[in-house]
Amino acid sequence: MKIKFLKGLNDPLYALHVLKTRYIKIPFKKLIFSNIEELRAESDNGLYVSSINKALNNQKSFEKFKRDHSYREILEHVNYKQGSDYLEIVRERNDGLLEKAKKNVLKSDDLGKPIKYKYSGIDFPLSPTTLRYLKVASDLNGLFSKDLSKVAEIGCGYGGQAYVNDQLLNVEMTTLFDLPYVNKLIERYLNSLLMNGAYKTISINQATSMNYDLVISNFAFSELPSALQDAYITKVLSHSSRGYLTMNSGLVGSSSKGKMSLGELREKLPNFEVYEEKPLSSDLNYIIVWGHNTEFANSNMHLKKI
């Protein structure tokens with residue numbers, strides 16, 4: 001939490017929010033949880049769902065929900081430097097996605113009023129969070145190609161990654177797995193936009209085992225308690241021919257407590273490779289990939305030493 005506090009020094013109100021909620025623990029908001037304590041993901045902290053509920057029930061709150069401090073603890077906290085790093089990676093790849101994104105997902109990125117910065121070589125300010133989604137889409141393009149049929153995403157925020165994928169890649173159907181409250185926000189957000197493909201939201205308890213062409217997760221799967229991780233493996237991950245999971249648990253440290261180890265994941269998931277996260281946002285982060293183009297991976301990613 002010290003890192004999040006330091007990141008907030010350029011935003012005093014956000015820094016004060018982190019200080020109150022994580023250090024002094026002042027309950028200045030009504031806490032709303034989606035699950036019993038044993039099944040709560042790290043995002044299910046009471047404040048996150050409360051901020052989502054506020055956005056769902058108040059038009060003005062929805063119009064600027066990406067600036068809500070409780071929401072930014074979980075999402076929308078990518079900083080300027082990280083955004084710059086993501087932008088540089090996509091520029092260096094020269095895969096055409098940046099030029100395409102400047103005409104749609106970057107140009108019209110105003111819903112929810114995200115915090116934006118001016119970046120060199122771009123005529124308009126950009127959200128660093130959307131730049132992260134762009135970099136992930138570039139990874140997916142190189143690792144698996146643009147043509148993606150049935151995609152499953154675990155932990156979807158407001159649907160930002162799904163929307164970027166939809167606009168830049170050829171995705172037919174995305175199944176978005178998240179908490180019931182979060183799914184309502186995803187639906188409100190994506191229904192405010194025009195998509196090329198289709199989507200549906202679902203909770204893990206509503207899902208039956210089915211096959212997917214690709215499963216992705218930006219940290220969310222790694223932040224689930226092991227019982228929920230196992231449910232997702234049984235119903236979703238083990239039925240996907242390709243996978244891309246950005247992880248922050250499974251190795252060592254407090255963030256791995258109560259989650260599956262990397263060894264356990266190797267026993268349960270399809271055969272996968274472990275790559276470094278780039279840019280690295282935390283020392284213990286890594287990316288699990290299977291069913292991928294190894295030539296692209298060898299040229300653009302580095303195997304993680306474990």
- line: For segment 262-306 the GluC sites (Glu not before Pro) that pass both the DSSP coil test and the at-most-15 other-Cβ-within-10 Å test are none
- prompt: Treating the beta-carbon of each Lys and Arg as +1 and of each Asp and Glu as -1, no other charges, what is the dipole magnitude of segment 115-168 about its Cα centre, to the nearest 20 debye?
  reply: 160 debye
message: Going through the cross-link list Lys54/Lys81; Lys81/Lys305; Lys100/Lys278; Lys235/Lys259; Lys135/Lys200, which pairs have a Cα-Cα distance over 27 Å in this structure?
response: Lys54/Lys81
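If N is the number of residues in segment 192-306, what value comes out of its Cα radius of gyration divided by 2.2 N^0.38 Å?
Dividing the Cα Rg of segment 192-306 by 2.2 N^0.38 Å gives 1.10.
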- request: Write out the trypsin sites (Lys or Arg not before Pro) in segment 252-306 meeting two conditions: DSSP loop, and at most 11 other Cβ atoms within 10 Å of their Cβ.
  value: Lys257, Lys305
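Take the alpha-carbon positions of segment 244-294, form their convex hull, and give its projected area averaged over all directions (one quarter of the hull surface) in nm².
Seen from a random direction, the Cα hull of segment 244-294 projects 3.7 nm² on average.
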Charge dipole of the chain about the Cα centre (unit charges at C-beta), most positive-ward option of Ser50, Gly83, Leu97: Ser50
query: With each run of n ≥ 4 DSSP H residues scored as -39500 (n - 2.57), what mean residue ellipticity at 222 nm is computed for the chain after dividing by its residue count and rounding to the nearest 500 deg cm²/dmol?
result: -11000 deg cm²/dmol
task: Any chance you could list P(r) for the chain, counting all Cα-Cα pairs in 10 angstrom bins from zero, rounded to whole %?
output: 6, 28, 38, 24, 4, 0
query: How much accessible area per residue does the chain have, in Å², with a 1.4 Å probe?
result: 46 Å²
task: Would you calculate the separation in nanometres between label points at Asn191 and Glu264, each defined as 7 Å from the Cα along the Cα-to-beta-carbon direction?
output: 3.8 nm
message: From the C-alpha coordinates alone, can you work out the Kirkwood hydrodynamic radius of segment 75-219, in Å?
response: 15.5 Å
task: Using a 1.4 angstrom probe on heavy atoms only, work out the carbon and sulfur share of the accessible area of the chain in %.
output: 50 percent
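With an 8 Å Cα cut-off and a minimum separation of 6 or more residues, compute the relative contact order for the chain in percent.
13 percent
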- request: May I ask you to give the average projected area over all directions of the convex hull of the Cα atoms of segment 73-116, in nm² rounded to one decimal?
  value: 3.5 nm²
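The values are calculated or read from the model by the stated rules, or taken from the named source; none is laboratory data. From a predicted model like this one, the values you see are computed outputs, not experimental measurements. FYI the Cβ positions are ideal-geometry reconstructions off the backbone, even for glycines, and counts take in every protein chain you see. Accessible surface areas use protein heavy atoms only, side chains included; no ligands, DNA or RNA. Shrake-Rupley method; radii C 1.70, N 1.55, O 1.52, S 1.80 Å.
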